[in-house]
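Participant: Got a structure for you, questions after.
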Amino acid sequence: MASKKIISLMKVFFKATALSIAIATLAACSTRLNGTYTSQDLFSQEFTFDGDEITMSAFGINASGTYSISDGQIKIKYSILGITSNLNQTFEKKGSSIYIGGTEFKKK
């Protein structure tokens, strides 16, 4: 009788562990950023992230939209002057910096 309870408890434990691993894996697949990142090159550019929303700023012009990150790519859908566009670039995050299309942006 006690061995059946132990086996039952072990099954519950393993199911809970498997569920926790699955949730952690899914969370790792969808990267979300928060805050403002600024380029360090000749032309100052900024990306501000809030949830799945993004604001891009360069040359005094702002464009807002949404973004997603997966498989080393950032996909940005934005609107400027009423025209909707898509931007797909390589993406990498290292420490407090992100790299979009090979350009480094440091978090403010």
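The values are calculated or read from the model by the stated rules, or taken from the named source; none is laboratory data. Small disclaimer: the values here were computed from a predicted structure and weren't measured. Ideal geometry is used to build each Cβ from the backbone, glycine not excepted, and the neighbour counts take in all protein chains shown.
Participant: How many residues, within segment 76-88, are over 14 Å from THR66 (Cα atoms) and surrounded by 13 or more Cβ atoms within 10 Å (Cβ to Cβ)?
Facilitator: Total meeting the criteria: 0.
Participant: Tell me, please, whether a residue that is basic (Lys, Arg) and either assigned to a loop (DSSP other than H, G, I, E, B) or modelled with pLDDT of 95 or more (or both) can be found in segment 1-9. Break it down stepwise before answering.
Facilitator: Step one: of segment 1-9, the residues basic (Lys, Arg) are 4-5.
Retained after the next criterion (residues that are either assigned to a loop (DSSP other than H, G, I, E, B) or modelled with pLDDT of 95 or more (or both)): none.
No, the conditions are met nowhere in segment 1-9.
Participant: Kindly list the number of the only condition in (1) over 13 Å from THR36 (Cβ atoms); (2) surrounded by 14 or more Cβ atoms within 10 Å (Cβ to Cβ); (3) of a type outside the set (Asp, Glu) that fails for GLY102.
Facilitator: It fails just one condition, (2).
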